[in-house]
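Chemist: The structure follows.
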Amino acid sequence: MPINQKRIAIVVLVTAIATGCGLLVGYVLGRALVLRHVESKLIRYATRIRTEGDTSARQSRALLATLNASALPYCSDAEIAWMRKLIFQSEYLKDGGHMRDGQIDCSATLGRQNPQGAQFTPAFSRQDGTRTYVNLPPLRVGDLRVVSIQLGQSFIVYSPYNLKDLDSAPMHFTVTEVNADSRQTGRLVGEPTDAQAAILTAEGTTRTSNAVYATRCSTLYKTCVTTFISLPEALQADRGEFRVYRAMSALCAALFGFACSLVYLRSRSMEQQLRRAIRKDQLRVVYQPIVELASGKVVAAEALVRWTDDDNIEVRPEIFVKMAEERGFVGAITQLVARRILAECGDILLHIPGFRINLNIAAADLGDAQFLPMLQEAMERAGVGPQSVGIEITESCTAQLQTAKDTILKLRLLGHRVDIDDFGTGYSSLSYLHDLSVDGIKIDRSFTMAVGTGSVTVSIIPQILAMASALKLEVTVEGIETAEQADYFAASPLPLLAQGWHFGRPVPAAELHEMVLAPKDVPFDLVNADFAVPVDASGQG
């Protein structure tokens, strides 16, 4: 073999060996970094669930103390009516009442029970006398896991629907507790897992041969949250990064690839991705139609922001908007959405009199001195009047009463319509609504979901409608997804507006144009709809 050919062969061989070693190192290093990235996500996920759990536990403890301190006759009609008011004000609970010796005496939803009723055994007990029950038969909700807590002669029941907001596939979670009597670890809520008790009850991260775990325990209560994901799911979820790591290691060697990977991982944090997406104007805005319930005509739309991160995963607005609020840059999102509304829907607002696009604003926007000037300037450039852009303020914003009052007053003086969004989740009261002087309320979807379920929540709907009528507030019903829900509200004597998948899902601006210009027929029978108002235990509507 000629020397030149031998040199070429050596170069090729050495290159091939180096590439093979680089690929091997890239595989090992890439796998380790992917799992490290997964551990970080699991920790954040577990921390979020623990925070939610502590918040709901504090609320339940306060309500248990209130129930135990009741001065009303035990399980009397007056006390049961009082319980219902307490439960309605709670964001996390679905029921509460009294029980002794494992027997339910009365509750807000069940009323008084047979004194010779079934006796239930707690799944967990604590040294402070707290007892935990799982899936009490009278309080079950389909196949959902329902947890009840008893302290003294009172008990509360967590709403199982809260758990749906915690889903973050492909990651999984379970919440466990150690029984004070048996010292056994058991599952409260979440998915079953075959992890050992040592993993489920001690803070930290653990890798086994088939899964990765992260555990965070409450410092206030005897519960631990464990988030987990199988190794195949973890590697599949981050397969793009895995390939990048191997290629970088093969081309640049292990050390250089490792350094680049660290920089890459840092840039992929959720906050950095979101800030980058805002700067590059990569957030999307979709529009959900709001219809006049009596006619089915589309009269408005709500602008909803959407974001797909660098992993091509759709991040839920309540997650990334809340993070932006906590980190102090939610105003940039509000400004982006306002500009997008005027750019994408300006022709609709200019040429269809009375049509309105609603803009959601956060609590931070209320106190932002730049918010109103920004909105006015953007609308002047687009030639759109203030009556064409409505403002939706969540109930949580109204907790800052004076700031909310001042900003709402300025908005209305400028000509904007202002609605309280998600009404009924616990912040606003009659006096608040009177002081705030808003134009309307949007009934939270949790009330709509209760229609047709027999839930006590339904009995509150007529009271909300009557209150809105008395205060001359326009009412929009959120979350209508079925014909039954639509029929229920359509029979109301009030001129209601409605929003939900039954009338249309959030759509891009182009589809909103078509929808407004060529409205479809009303999707339910308005003529024959019955308004079946449920009654409470005392026979009052």
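Chemist: Name the pairs whose Cβ atoms lie under 6 Å apart, with the first residue in the range 454-467 and within 14 Å of residue 496 (Cα to Cα), the second open to solvent by 30 Å² or more (accessible area, probe 1.4 Å), and 6 or more positions between them or separate chains?
Modeler: From residues that are within 14 Å of residue 496 (Cα to Cα), the pairs are 462/533; 462/541; 465/494.
Chemist: Continuing with the same structure: For the range 264-317, how many residues are in a loop (DSSP other than H, G, I, E, B) and in contact (Cβ under 8 Å) with a residue 40 or more places away in the chain?
Modeler: As a first pass, look at the range 264-317 and keep what is in a loop (DSSP other than H, G, I, E, B): 268-269, 280-283, 293-296, 309-313, 316.
Then keep just the ones that are in contact (Cβ under 8 Å) with a residue 40 or more places away in the chain; that gives 268, 281, 283, 293-296, 310-311.
Residues meeting the conditions: 9.
Chemist: Going through the range 320-333 one residue at a time, which ones are in contact (Cβ under 8 Å) with a residue 24 or more places away in the chain and either within 20 Å of residue 171 (Cα to Cα) or not hydrophobic (A, V, I, L, M, F, W, C) (or both)? Steps first, answer last, please.
Modeler: Initially, the range 320-333 is screened for residues in contact (Cβ under 8 Å) with a residue 24 or more places away in the chain, giving 320-321, 323-325, 327-333.
Those that are in contact (Cβ under 8 Å) with a residue 24 or more places away in the chain and either within 20 Å of residue 171 (Cα to Cα) or not hydrophobic (A, V, I, L, M, F, W, C) (or both): 320, 323, 325, 327, 328, 331.
Chemist: Inspect all residues belonging to the range 343-352 and state whether any of them is over 24 Å from the mean Cα position of the chain (by Cα) and not in a helix (DSSP H, G or I).
Modeler: Of the range 343-352, the ones over 24 Å from the mean Cα position of the chain (by Cα) are 343-352.
Okay, now just the ones that are also not in a helix (DSSP H, G or I), so 352.
Taking every residue of the range 343-352 in turn, at least one turns out to be over 24 Å from the mean Cα position of the chain (by Cα) and not in a helix (DSSP H, G or I).
Chemist: Quick one: which strands (runs of 3 or more DSSP E) sit completely within the range 175-217 and have at least 3 residues that are surrounded by 17 or more Cβ atoms within 10 Å (Cβ to Cβ), in contact with a His (Cβ under 9 Å, 6 or more places away or on another chain) and at pLDDT 90 or above? Show your work before the answer.
Modeler: Values: elements: 185-190, 204-207, 211-217.
Once the strands (runs of 3 or more DSSP E) in the range 175-217 are filtered for at least 3 residues that are surrounded by 17 or more Cβ atoms within 10 Å (Cβ to Cβ), in contact with a His (Cβ under 9 Å, 6 or more places away or on another chain) and at pLDDT 90 or above, nothing remains.
Chemist: Which of the following residues is farther than 18 Å from residue 68 by Cβ, of a type in the set (S, T, N, Q) and either in a loop (DSSP other than H, G, I, E, B) or in contact (Cβ under 8 Å) with a residue 12 or more places away in the chain (or both): 132, 121? Give the steps one after another, and end with the answer.
Modeler: Details: 132 fails: farther than 18 Å from residue 68 by Cβ.
Going through 132, 121 in turn, just one is farther than 18 Å from residue 68 by Cβ, of a type in the set (S, T, N, Q) and either in a loop (DSSP other than H, G, I, E, B) or in contact (Cβ under 8 Å) with a residue 12 or more places away in the chain (or both): 121.
Chemist: Now for a different question. Would you pick out the residues in the range 142-154 that are open to solvent by 30 Å² or more (accessible area, probe 1.4 Å) and either assigned to a loop (DSSP other than H, G, I, E, B) or in contact (Cβ under 8 Å) with a residue 40 or more places away in the chain (or both)?
Modeler: 142, 143, 145, 151, 152, 153
Chemist: Moving on. With the requirement that a residue be among the polar types (S, T, N, Q), open to solvent by 30 Å² or more (accessible area, probe 1.4 Å) and assigned to a strand (DSSP E or B), what does the range 93-118 give you? Talk me through it step by step, then tell me what you get.
Modeler: To start, the set of residues in the range 93-118 that are among the polar types (S, T, N, Q) comprises 103, 107, 109, 113-114, 116.
Then drop every residue that is not open to solvent by 30 Å² or more (accessible area, probe 1.4 Å), which leaves 103, 109, 113-114, 116.
Result: 103, single match.
Chemist: Which ones in the range 371-393 are touching a helix residue (DSSP H, G or I) at 6+ places or on another chain (Cβ under 8 Å) and more than 16 Å from residue 409 (Cα to Cα)?
Modeler: Kept after step one, since they are touching a helix residue (DSSP H, G or I) at 6+ places or on another chain (Cβ under 8 Å), are these residues of the range 371-393: 371-372, 374-376, 378-379, 381-386, 388-389, 391, 393.
Result: 374, 378, 379, 381, 382, 383, 384, 385, 388.
Chemist: When you scan the range 287-295, do you find a residue that is modelled with pLDDT under 80, surrounded by fewer than 18 Cβ atoms within 10 Å (Cβ to Cβ) and over 19 Å from the mean Cα position of the chain (by Cα), even just one?
Modeler: Our first condition is that a residue be modelled with pLDDT under 80; within the range 287-295, this holds for none.
Scanning the range 287-295, I find no residue that is modelled with pLDDT under 80, surrounded by fewer than 18 Cβ atoms within 10 Å (Cβ to Cβ) and over 19 Å from the mean Cα position of the chain (by Cα), so the answer is no.
Chemist: Which residues, counting only those in the range 479-503, are assigned to a loop (DSSP other than H, G, I, E, B), open to solvent by 10 Å² or more (accessible area, probe 1.4 Å) and not aliphatic (A, V, I, L, M)?
Modeler: Of all residues in the range 479-503, those assigned to a loop (DSSP other than H, G, I, E, B) come to 479-482, 491-496, 499-503.
Next, only the ones that are open to solvent by 10 Å² or more (accessible area, probe 1.4 Å) stay: 481-482, 491-495, 501-503.
Once the filter is applied, which keeps residues that are assigned to a loop (DSSP other than H, G, I, E, B), open to solvent by 10 Å² or more (accessible area, probe 1.4 Å) and not aliphatic (A, V, I, L, M), the range 479-503 yields 481, 482, 492, 493, 495, 501, 502, 503.
Chemist: Next question. What number of residues within the range 333-366 satisfy the criterion of being closer than 26 Å to residue 271 by Cβ and open to solvent by less than 60 Å² (accessible area, probe 1.4 Å)?
Modeler: Adding up the residues that qualify gives 16.
Chemist: So, one more: Counting only residues that are of a type in the set (Gly, Ala, Ser) and part of a helix (DSSP H, G or I), which one in the range 370-409 is modelled with the lowest pLDDT? It would help to see each step written out before you state the result.
Modeler: Going residue by residue through the range 370-409, those that are of a type in the set (Gly, Ala, Ser) are 378, 382-383, 385, 388, 390, 396, 399, 404.
Checking the rest, the ones that are also part of a helix (DSSP H, G or I) come to 378, 382, 388, 396, 399, 404.
Details: 378: 89, 382: 89, 388: 93, 396: 64, 399: 57, 404: 77.
Checking each candidate, the answer is 399.
Chemist: How about the range 29-85: which of its residues are open to solvent by 50 Å² or more (accessible area, probe 1.4 Å), outside any loop (DSSP other than H, G, I, E, B) and closer than 17 Å to residue 151 by Cβ?
Modeler: Once the filter is applied, which keeps residues that are open to solvent by 50 Å² or more (accessible area, probe 1.4 Å), outside any loop (DSSP other than H, G, I, E, B) and closer than 17 Å to residue 151 by Cβ, the range 29-85 yields 58, 59, 61, 62, 65, 66, 68.
The values are calculated or read from the model by the stated rules, or taken from the named source; none is laboratory data. These figures come from a predicted structure and were not determined experimentally. We place every Cβ from the backbone using ideal geometry, glycine too, and count neighbours over all the protein chains shown. We work out accessible area using only protein heavy atoms, side chains counted, and drop any ligands, DNA or RNA first. Shrake-Rupley method; radii C 1.70, N 1.55, O 1.52, S 1.80 Å.
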